[in-house]
Amino acid sequence: MYVAVKGGETAIRNAHRLLANRRRGDPSVPSLTLEQIAEQLALACDRVMSEGSVYDRDLAALAIKQARGDLIEAIFLLRAYRTTLPRFGYSEPVDTAAMQVERRISATYKDLPGGQMLGPTFDYTHRLLDPALAGDEEVEAPESHESDETPVVRVSDILAREGLIENDGVSESEEIGDLTRTPMEFPMNRDTRLQALSRGDEGFLLALGYSTQRGYARSHPFAGEIRIGEVDVEFDVPELGFTVTLGRIRVTECQMVNQFQGSSKAPPQFTRGYGLVFGQSERKAMAMALCDRALRATELGEDIVAAAQDEEFVISHSDNVQATGFVEHLKLPHYVDFQAELDLVRRMRAEHAARRDSDSDSDSAMPEAAE
Amino acid sequence: MTIHTDDGLATYNFAYLDEQTKRMIRRAILKGIAIPGYQVPFASREMPMPYGWGTGGVQVTAAVIGPDDVLKVIDQGADDTTNAVSIRNFFAKVAEVETTTDTATASIIQTRHRIPEEKLKEGQILVYQVPIPEPLRFLEPRETETRKMHALSEYGLMHVKLYEDIAKNGHIATTYAYPVKVEGRYVMDPSPTPKFDNPKMHMSDALQLFGAGREKRIYAIPPHTDVVSLDFEDYPFEVQTFVEPCALCAAHGVYLDEVILDDKGGRMFVCSDTDHCEKRREGGHRGHLAGDARETAQ
Amino acid sequence: MTDQPLLCVNGVSKFYGNRIGCQDVGLELWLGEVLAIVGESGSGKTTLLNCISTRLPPTAGTVSYRMRDGQMRDLYRMGEAERRFLMRTDWGFVHQNPADGLRMSVSAGANVGERLMAVGERHYGNIRETAEDWLGRVEIGLDRIDDQPRDFSGGMRQRLQIARNLVTVPRLVFMDEPTGGLDVSVQARLLDLLRGLVNDLGLAVVVVTHDLAVARLLSHRIMVMKDGAVVETGLTDRVLDDPREPYTQLLVSSILQV
Ligand SMILES: Nc1ncnc2c1ncn2[C@@H]1O[C@H](COP(=O)(O)OP(=O)(O)O)[C@@H](O)[C@H]1O
Ligand SMILES: [Mg+2]
């Protein structure tokens, strides 16, 4: 006798219980606090905020804890939360020229107003594992000095003064696109594309940006400037008739300066690739800037020869929440379709065998016919 | 109307989505109904389940469901597959609606990969979860191009594929997600249902809605709409047939799942539509492997 | 019979930025007439052909076509649906590189049958029969009907491309260097075949070539282009045997060896 498999509900319940248990790990080890995650795994929180498109460090920490450190899962949690939030409106563009800068480097000028500021970077650390970190050693307080309150000029503004670099670009339409509220359509305007890139998967953009450097749509980039620091978020309240500051957020901005020969439409000048992400993530901001520049091929009249320039390809595949969902959906049952294929393959194999048999029949008939 | 969760921490709107989002989705649905088979782009939301796991269907259901609805969710024809359970529980929680496994009493049926065997009635809504809504996608990967092909009814390529099937195999080798033409205009992907189910879409009394969350498309077949599976005059569309009846309820002319019984090639065929099978057994039908219908949870 | 031309081109210019593609070109083409556009590389032949065949919108000028109902229609004012329908029924376009005009991973039979299916033919047997007939007419063995063009030689691919275009019996066919990538013996055979088909079907053809021998063999009339402009037109034999413009004389004396 056969008993049909039942018990999906129980199975799910049990799986969730086991998951909670594994998430907690050994109960004799103290549970992580959200403060610990937010403070000590800050860059993980930054990535989750950035790709999760919600600037909230505590929620990011919670998501990371809940996801057992799986960052794409954490991003997913944050995104699913984000969709339920009411939308009050759109902030004014953040003014990165007025950023309170913690790190600022330019690869194009040796020195410049505001100076080069290394900030908290891994760049010149030797990647030697540090056993001291296994314990809870005191660390020295950082060196600090009074800021002189003069804004740190953006490299792109310096170039723009001489007309050497294209303008910052004007938005193609009055309203800023919002890919979370309107259906995506190709070709896209640059504002929407930048949004998609900013929340796009760091690894995917990194690989694409890298591919442009290796010759798949080379754009001769210079890291004009990378700056990390805090900016004000301002909101225009129509009822009040003026803008109010909602708070400050930490962002990383990268402006790539790219060589451009000029075309029938534009004189020879430098062009821009732009990257902006929440928190501190230079890798992502730089990769984003490379991708942004590559994706402007059509606008600048360049031939589309590589994946990184192909808007539909890049934007359709850059979202890791979408990608992981669809790749992983393959583990859902597909047995109805598989049954259909099974039936077809069996039938085709039978037809194949029948053909072979009839062929060999006629082969064996040959000698007789010849006689 | 808001729903409060047990812990009192988070509150959700009825059926999870906010009303503004629901209105946006309903507009897309209405447009879809007005242009049968046409894929309406919509601003798909991130849902608390992964893309590819039914987010499109869930959003459509969330937009059309009301407190008096009775919801049935199936995956592979069965009410008890894990993802069906998960989606049903989701709505039980965020919309507090009554759920059922009974096809006839459900007012909304969300499905993945099957259409119930029992004929659907006027007033019922069948919501399909769609992974790839574009029937031309594997012939032409570019959205910009396929939209143009639809706009201009350039469907020659679709028949090229069927032609190739026949030239190679002697028959059309597409077994599921078999393309259909809706109301003589748009070629449509019926979602990965087996082609066995295609005829059920034709002139159905129920409203059929299709949601693709990741690909951000909604489309629809209003009741009593012409739905024709593509074919050639001399190679007409045919559905799968099974030699044996269901081993549990002895039904013929239904879609069967193959179940492996042991590692020596033993197998049986049982109804993919579990509700249909159970009802038949309750009605006294017995297949050759049906014992007393005891069910175990494992 | 009608006293109107099939195709009327008026003042067509195309600029790529500041560079001239072609400038102020006018021509008329009659049913059954073969026009060759000749000139050295870069003289604007392809640009003109693409402008006429609606593949490249011109910067200025008009192109009109006499539809099957006798109406002259401005092609660039036609809706895209109608224009694309025209292109796959009443027109053909033979690319220099067959890969641009064929589906390389679809069988030869389906390549030929596609246009039929696009206009609603739904009988597999009939489609296949027509495909077989056309493969025969372009001298491709019937045993190759289920093979893909990627397994074909260059000459075979070009013949397949021609069959794929002619299957709907169009009235007008555009060809861009149809013998371009082929070696000489293969070229001769293809030209022969083309000439036969054009005569049998009474096609109107606009063929672009830098090879005057091709023009001599196929065309009734010749149009000579230089730097985007037309320098001389006339009956093929007249232009080739008695060129009037110095540029044409140069072209004929330096290249023509037929
Ligand atoms: N896409 C293009 N962009 C810019 N210039 C072009 C383009 N295509 C052709 N041209 C220029 O237009 C002129 C005519 O080219 P073309 O029509 O290809 O000539 P032909 O077919 O006679 O060789 C040439 O100077 C060529 O460089
Ligand atoms: Mg050319």
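Read-outs: derived from the displayed coordinates by stated rules, not from any lab. Fair warning: this is a prediction, and the values are worked out from it, not measured in the lab. Ideal geometry is used to build each Cβ from the backbone, glycine not excepted, and the neighbour counts take in all protein chains shown.
Candidates C:Leu197, C:Gly17, A:Val327 compared by Cα position along the dipole of the protein assembly as shown: farthest toward the positive end lies C:Leu197, with charges placed on Cβ.
Projecting the Cα atoms of B:Ile87, B:Leu162, B:Met49 onto the charge dipole of the stretch B:2-229 (Cβ charges, centred on the Cα centre) puts B:Leu162 farthest toward the positive pole. Let me make sure I get this right: for the stretch A:11-82, a, b and c are the square roots of the gyration tensor eigenvalues over alpha carbons, sorted descending. Under 1.5 in a/c it's rounded, otherwise prolate if a/b > b/c, else oblate. Which is it? Cα axes put the stretch A:11-82 in the oblate bin.
Applying a threshold of 24 Å to the alpha-carbon distances of B:Lys31/B:Lys181; B:Lys168/B:Lys216; B:Lys93/B:Lys119 flags B:Lys168/B:Lys216; B:Lys93/B:Lys119 as lying beyond it.
Normalised by the number of residues in the stretch B:2-229, the mean separation of alpha-carbon contacts (under 8 Å, six or more apart) gives a relative contact order of 26 percent.
Under the classification rounded if a/c is under 1.5, otherwise prolate if a/b is larger than b/c and oblate if not, where does the stretch C:101-169 fall, given a ≥ b ≥ c as square roots of the Cα gyration tensor eigenvalues?
Since a/c reaches 1.5 and a/b is larger than b/c, the shape of the stretch C:101-169 is classed as prolate.
The phi-based Karplus calculation (6.51 cos²θ - 1.76 cosθ + 1.60; θ = phi - 60°) puts the 3J(HN,Hα) values of the stretch A:232-242 at 7, 10, 10, 10, 8, 9, x, 5, 8, x, 8 Hz, whole numbers, x for Gly and Pro. The Cα atoms of the protein assembly as shown define a convex hull whose projected area, averaged across directions, is 53.9 nm². Between the Cα long axis of helix A:282-294 and the first principal axis of chain A there is an angle of about 70°, rounded to the nearest 10.
Using θ = phi - 60° in the Karplus curve 6.51 cos²θ - 1.76 cosθ + 1.60, the 3J(HN,Hα) couplings for the stretch C:159-176 round to 5, 5, 4, 5, 4, 4, 7, 8, 4, 8, 6, x, 9, 9, 10, 9, 9, 10 Hz; x is entered for Gly and Pro. Hey, which of these cross-link pairs are over 26 Å Cα-Cα: B:Lys200/B:Lys279; A:Lys331/B:Lys72; A:Lys331/B:Lys279; B:Lys72/B:Lys279; A:Lys110/A:Lys284? Result: A:Lys331/B:Lys279 exceed 26 Å. About its Cα centre, the dipole of the protein assembly as shown is roughly 1180 debye, where the only charges are +1 on Lys and Arg Cβ and -1 on Asp and Glu Cβ. Which of the chymotrypsin sites (Phe, Trp or Tyr not before Pro) found in the stretch A:197-227 are loop residues per DSSP with 15 or fewer other Cβ atoms within 10 Å of their Cβ? The qualifying sites are A:Tyr216. Expressed to the nearest 5 percent, the antiparallel share of DSSP beta bridges inside the stretch B:1-156 is 30 percent. Computed about its Cα centre, the charge dipole of the stretch A:11-82 is approximately 420 debye, with only Lys, Arg, Asp and Glu carrying charge at their Cβ. The mean number of partner chain beta-carbon atoms within 10 angstrom of a residue's beta-carbon across peptide A:148-155 is 0. Using the average count of surrounding beta-carbon atoms within 10 Å as a protection proxy, the listed peptides C:143-154, B:75-86 rank, highest first, as B:75-86, C:143-154.
Relative to the longest principal axis of the Cα atoms of chain C, the long axis of helix C:124-137 makes an angle of roughly 50 degrees.
Report the relative contact order of chain A, percent, no decimals, based on alpha-carbon pairs under 8 angstrom and at least 6 residues apart.
Answer for chain A is 16 percent.
Across all C-alpha atoms in the stretch B:146-272, the radius of gyration and Dmax reach 17.2, 54 Å. Computed from backbone phi with θ = phi - 60° and the Karplus coefficients 6.51, -1.76 and 1.60, the 3J(HN,Hα) list for the stretch B:77-88 is x, 10, 7, 9, 5, 4, 5, 5, 4, 4, 5, 4 Hz; x is used for glycine and proline. Loop-resident GluC sites (Glu not before Pro) (DSSP state other than H, G, I, E or B) in the stretch C:1-108 with no more than 10 further Cβ atoms inside 10 Å of their Cβ are absent. Which of A:Pro221, A:Gly275, A:Ala132 sits closest to the plus end of the dipole of chain A, meaning its Cα is farthest towards the positive end, when Lys and Arg get +1 and Asp and Glu get -1 on the C-beta? The one lying farthest along the dipole's positive direction is A:Ala132. Within chain B, the longest run free of exposed loop sites, counting GluC sites (Glu not before Pro) that sit outside DSSP helix and strand states (H, G, I, E, B) and have at most 12 other Cβ atoms within 10 Å, spans B:123-232. For C:Ala36, the residues whose modelled amide H falls within less than 5 Å of its own, excluding neighbours fewer than 5 places apart on the same chain, are C:Val207, C:His220, C:Arg221, C:Ile222, C:Met223.
For trypsin sites (Lys or Arg not before Pro), the sites in the stretch A:199-299 that DSSP calls loop and that have at most 16 other Cβ atoms within 10 Å are A:Arg214, A:Arg218, A:Lys265. For the residues A:Pro151, A:Pro27, A:Pro333, a GNM of chain A with alpha-carbon springs under 10 Å puts the largest fluctuation on A:Pro333.
According to the square roots a ≥ b ≥ c of the eigenvalues of the Cα gyration tensor, what is the shape class of chain B, taking rounded for a/c under 1.5, prolate for a/b larger than b/c otherwise, and oblate for the remainder? Oblate is the answer for chain B, as a/c is 1.5 or above yet b/c matches or exceeds a/b.
Only helical DSSP H runs with n ≥ 4 go in: add -39500 (n - 2.57) per run for the protein assembly as shown, normalise by residue count and round the 222 nm mean residue ellipticity to 500 deg cm²/dmol.
-10500 deg cm²/dmol, from helical runs alone.
With distances taken between every two different alpha-carbon atoms, chain A has a Kirkwood hydrodynamic radius of 24.9 Å.
Counting only alpha carbon atoms, the long axis of helix A:71-82 and the longest principal axis of chain A meet at about 80°.
Model label points for C:Arg122 and A:Glu230, set 7 angstrom from Cα along the Cα-to-Cβ axis, are 6.9 nm apart.
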